[in-house]
Amino acid sequence: MQINKTYLYLVTLCLQMILVSAYAQNVTVSGYVKDAVSKEALINASIADLDHRTGTITNVYGYFSLTVKKTDTLHLLITYSGYQGLRKIFIKPQNTQLDILLQPLENVLNEVKVSANRNNDNVVKPQMGVIDVPVKAIKDLPVLLGEHDILKTLQLLPGVQQAQEGTSGFYVRGGNLDQNLILLDEATIYNPNHLFGLFSTFNVNSVNSVKLIKGDFPAEYGGRLSSILDITMKEGNKSKYQTEAGIGLLSANVTFQGPIQKNKSSFIVSARHSYINLLLHPLTSNTTSYTFYDLNAKVNFELSTRDHLFISGFKGNDDAAYTGANSLNYGINFGNTTGTVRWNHLYGSKVFSNTSLIYNDYHLQLGSTQTSYYEVLYTGIKDLNAKSDFTAVLSPKNTMKFGFNYIYHTLSPASVSAKVPKKGNPFSINPDSIPRRYSNEAALYIGDEYQISDRLSVNYGLRLPFFIGGGKTYTFAEPRIAARYSLNESTSLKGSYTVSNQFVHLIPNSTASLPADIWLSSSALIKPQHSTQVSFGLFKNFKDNEIETSVEAYYKQMDNQVLFKQGTQISTGTNLDQVLTFGKGKSYGIEFFAKKSFGRLTGWASYTLSKTTQQFPELNFGNPFPASFDRRHNLALVGTYELTKNWTMSADFVLTSGRPYTLPAGKVIVYGDGSLYDNYYYDYTSRNNSQLGTYNRLDVSASNRKMKKLFHKYPYEREWTFGFYNIYSRANPYFVYLTVDAATKKPQAKQVSLLPIIPSVTYSIKF
C-alpha cells in the first residue's frame, strides 16, 4: 500500500511544530563553574533550580547544562564545598551561556553561612559506590614521612583495604591490585607508587579532583573489575602567577602556575624529587641507593566560547640498588610516562563532547641475586588510546552519554629464574629483544540518567567491549543499571547491577627475591577476567545535609582469575601462558559510612565487614581458600579539628583483621640442593591456612598556617606540619618467616614488623 506523500509531509510538519513548541516552553542555562580567584574549573559543583526543585552538577571540566520550564523568573543556587554559595536570578530568562565564578571561603571577609554549600547529591543521585575525596582533606590528614598521599587516604574509605603495611596499594571489594583502573587526566597509571609503595606517585599540589567508583561503573568506564580511580590535574591559575614549594624528610617539591593569556589560557608545572641518597650514603657506605622523582605539566587554551584545548603530561621514576657482602643483591628501576591531548566542544547548549588522544608507557626492570640463585625480570606496557565522549541534555530529567574508546596495547613480559652459573655472569634481559605482544581493545557505550518521578530515578546503560590479541577475538555485552527510590528528601534506597570484563592481567610472581609482578594480555589461553556485581544501599543525611550516612551491601562473582601454577619456576624460554592456572573468586560484604563535611570538626568513620575467597582447580586441591588480601573487619576513623584560625589538628585510626598466609604442615631435608631454602623443602597442605595478628595504628598531625610578608611587602602563606605515624609504635605484622629454635630444635614462625613510630615535619610556602 502506497502512503500519500502529502499525508507524510503534514505529519512531519506537525511533529516539527510540536517539538518547536515544546522547546520554546523551556529555557537552557549552560556554561562553566570556576574558582573566582584562579579560574580553575570546579568539578561536581551543584546548580539547583529553586523554583522547580531540579538541578545538575558540573562534569570533570566544570561544564553544566540545565534545561527548565520557562517562567517569568529563574532562581539558581550554585554551590561547591569550600566556596561561598551564589544565587543568580534571571528575569524573563532566555537560553544563556555564561561563566559562574565562586569565591573561596578563605577569601570571603564577611561571615558566610556555609549551610548554603550543603547539597544532598549522595541521596538524590541514582549511582552508588562513588566517593569524591576533597583534595583539602588529603592535605590535612597525617602523613608518612611528610608525604601527602592520595592512595593512603583512599585506604580509609569503606570497601577499600590497604595492601602491605605502610604501602599505598589498595584492594576494593575483594578485587586484586590490577583490577583497579587508575587514571590521571584519562591516562592509565599501571604502577602508582614510589619507594616500593610507601607512598604514591601523585603530587597532591598538582591535583584538582579525586573520584573513586567502587564497582557501580557508569557505561563510559570499563576495562577493570573492581574500581575506577579518576584523578584530574589542575589547569593552572588563569589570573595570576603563583608558586608553591615544600620540603619534607624525603623529598622537596615545587609548583609553578599562571596565565599564558589572562583569563584565557594557563599552565601549571609541578615537580618533586627525593634526596634519600644524601641520608643513606653516610649510613650504608654506598651499599644502598634510592632516588625517585615525578613531574606534572599541563597547559590549557580557551580557543572560543565553545572550544577548549588541554595538553598534559606526567613522568615518574624510581631507581634503587643494593649491594650486600653476601646473600641478597638487587637493582630495580620502574616508572610511568603519560601524555594527554583533549579537545572540548559544545554543540549548541545541550551537547558537550570531549575527544582525547592518550599515550602511556610503564616499565619495571628488576634483577636480584640471593646466595646462588638469581632472577631477572622485565615487564612493560605501552598504550596508544583514542576516545570520544558525548553528553547530551535531552530534557531537565534526562541526560544521555555515549561514545567510543580504542586502545592499542604493546606488552613486553620477560622473566628468568635459575642458579647462578659457576662461570660467567647471570643472564641479563635486553628490553629491545623481548618478543612483543600486541593487542587491540575497543568499546562502544551508551548510558542514560533518567528521573522517572520525584521519587524514582535510574542510570542505565550498555557497554560493548571487544578485544583482539593472542590469536583470539573476544566480544561482550556489559549491561549496567543503578536505581534510586527516595523515601523523603533526606533518605533514599539504591540498588545496582554491573557486568565488567578485563583484558590485561597482573600475575603475582613469587619466584623473585623481591616482590615483582608481570603484566600479560588476554589470549587464546588467557581468557578475560569477568565479574558480576550486585549492590544495595540505604542513604540518609542529617542536620540539613551536614552529616552524610550510608549502608551498602554487595555481592561480587569473579571468573577467569589468574595465578601461576603451584611450584612454578620461570626460566629462559618459558611460555608464560603455559604456567598459569585459572579460577574464580567471590566477595561479599557490608559497608557503613558516616561523614561530616562542615563545621570546625570534620571527618568520617567507616567500617567494612567482608569476605573474599578464591577457588582454582589446580591449587589447594581444588578447595576454596581465603584470598591473600582478605580482611574480615576493617575500621577507620578520621578527624580534622580547627583549633584556631592558624592551627589545625588531624588524626586517623585504623583497625583491621590480619591478612591470611600459608603455614606448612611439615618439612623435608634436602642434601646438596635447596640452598635458597636453607636445605629444606616445606610441605604445604592447604593455602592461606593461617592469619597474621590484628593490625591497628593511630596517626596524628598538627599544622600551622600563617600569612606573612616577604621584605614587609610581598604577601605569602607559610605552613608547618608536624606529625607522628603509628604514634604508640604498634609492632604490626608485616610478614612471618619460618626458622628453627637453636635451643629446642623445634620449628618456629617469627613475625617481622616494619614501621614503628615515625615522626615527620614539612614546611611549605605559597605566594
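Since every read-out is calculated from the coordinates, none of them should be taken as a lab result. For clarity, every value in this text was computed on a predicted model and none was experimentally measured. We place every Cβ from the backbone using ideal geometry, glycine too, and count neighbours over all the protein chains shown.
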key: Lys, Arg +1 and Asp, Glu -1 on Cβ, resulting dipole of the chain about Cα centre, debye, nearest 20   = 840 debye
message = Using DSSP to call loops (not H, G, I, E or B), can you name the GluC sites (Glu not before Pro) in the range 576-662 whose Cβ has at most 15 other Cβ atoms within 10 angstrom?
response = Glu618
task = Report, by chain and number, residues whose modeled amide H sits under 5 Å from the one on Tyr684, excluding near sequence neighbours (fewer than 5 apart, same chain).
result = Ala665
ask   = Residue by residue, what Karplus-based ³J(HN,Hα) values in Hz, rounded to whole numbers, does the range 700-706 have, using 6.51, -1.76 and 1.60 with θ = phi - 60° and x for Gly and Pro?
value = 9, 7, 9, 10, 10, 10, 8
request  = Restrict the search to the range 441-494; then list the GluC sites (Glu not before Pro) that DSSP places in a loop and that have at most 15 other Cβ atoms within 10 Å of their Cβ.
outcome  = Glu489
query = Points 7 angstrom from Cα along the Cβ direction at Leu655 and Asp544: gap in nanometres?
reply = 3.4 nm
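Hey, fewest Cβ within 10 Å first, where do Val499, Val504 land in order? Before the final figure, lay out each step's value.
Details: Val499 17, Val504 25.
Arranged by neighbour count, lowest to highest, Val499, Val504 become Val499, Val504.
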inquiry  = I need the phi-derived Karplus couplings for the range 394-410: 6.51 cos²θ - 1.76 cosθ + 1.60, θ = phi - 60°, integer Hz, Gly and Pro marked x.
reply    = 6, 6, x, 10, 9, 10, 10, 10, 7, x, 9, 8, 9, 10, 9, 8, 10
request  = Going by C-beta contacts inside 10 Å, put Trp604, Trp343, Trp647 in order with the fewest on the left.
outcome  = Trp647, Trp343, Trp604
note = Working note, the range 353-412: Cα radius of gyration (Å, one decimal) and Dmax (Å, whole number) are 21.0, 70
query = Which FRET efficiency value, to the nearest 0.05, is calculated for Asp72 and Asp132 with the Förster distance at 35 angstrom and r the Cβ-Cβ distance?
reply = 0.45
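Return a whole-number percent for the relative contact order of the range 715-767, with Cα pairs under 8 Å and 6 or more residues apart as the contact set. Walk me through the intermediate numbers first.
Values: 88 pairs, mean separation 28.0, N = 53.
Relative contact order comes out at 53 percent.
Considering only DSSP states other than H, G, I, E and B, which trypsin sites (Lys or Arg not before Pro) in the range 220-255 qualify as loop sites with at most 14 other Cβ atoms within 10 Å? Intermediate results must be reported in sequence, preceding the final value.
On the way: sites: Arg224, Lys234, Lys238, Lys240; in loops: Arg224, Lys234, Lys238, Lys240.
Here the trypsin sites (Lys or Arg not before Pro) that fit, given the DSSP loop and packing criteria, are Lys240.
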key: Label-to-label distance, nm, for residues given as Ile89 and Asp454 (7 Å Cα→Cβ offset)   = 2.5 nm
request  = Could you give the spread of the C-alpha atoms of the range 197-318 along their three principal axes, from largest to smallest, in whole angstroms?
outcome  = 60, 41, 17
query = Under a point spin-label approximation (7 Å from Cα along Cα-to-Cβ), what is the Phe256-Ile446 distance to one decimal in nm?
reply = 5.0 nm
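Report the extension gain between Thr410 and Lys746 in nm, rounded to one decimal, defined as 0.36 nm multiplied by the number of residues separating them, less their alpha carbon distance.
Numbers: separation 336, 0.36 × 336 = 120.96 nm, distance 5.07 nm.
The span from Thr410 to Lys746 would gain 115.9 nm if fully extended.
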query = Can you list residues whose amide H is under 5 Å from Gly62's amide H, if they're 5+ apart or on another chain and H is modeled 1.01 Å from N?
reply = Asn44
query = So which lysines can Lys611 reach, going by Cα to Cα under 27 Å and dropping same-chain residues fewer than 8 places off?
reply = Lys152, Lys211, Lys214, Lys494, Lys527, Lys540, Lys556, Lys565, Lys584, Lys586, Lys595, Lys750
inquiry  = Please list 3J(HN,Hα) in residue order for the range 147-161, calculated via the Karplus relation 6.51 cos²θ - 1.76 cosθ + 1.60 where θ = phi - 60°; whole Hz, with x for glycine and proline.
reply    = 10, 5, 9, 5, 5, 5, 5, 4, 5, 8, 9, x, x, 10, 10
note = log10 I(q)/I(0) for the range 608-742, Debye formula on C-alpha points only (no solvent), q = 0.13, 0.18 Å⁻¹, two decimals, reads -0.79, -1.08
task = Kindly put His75, His363 in sequence by how many other C-beta atoms sit within 10 Å of each C-beta, fewest to most.
result = His75, His363
task = Give me D for the chain in µm² s⁻¹, whole number, from Stokes-Einstein with Rh from the Kirkwood sum over alpha-carbon pairs, 25 °C and 0.890 mPa s.
result = 87 µm²/s
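What length, rounded to one decimal in nm, is gained on full extension from Val351 through to Asn263, with 0.36 nm per residue of separation minus their alpha-carbon distance?
On the way: separation 88, 0.36 × 88 = 31.68 nm, distance 2.40 nm.
That pair, Val351 and Asn263, stretches by 29.3 nm at full extension.
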ask   = Angle between the Cα long axis of helix 5-24 and the longest principal axis of the chain, 0 to 90 degrees, nearest 10?
value = 80 degrees
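Taking 0.36 nm per intervening residue step and subtracting the Cα-Cα distance, what contour gain separates Ile468 from Asp319 on full extension?
Working: separation 149, 0.36 × 149 = 53.64 nm, distance 3.44 nm.
Result for the pair: 50.2 nm of gain on full extension.
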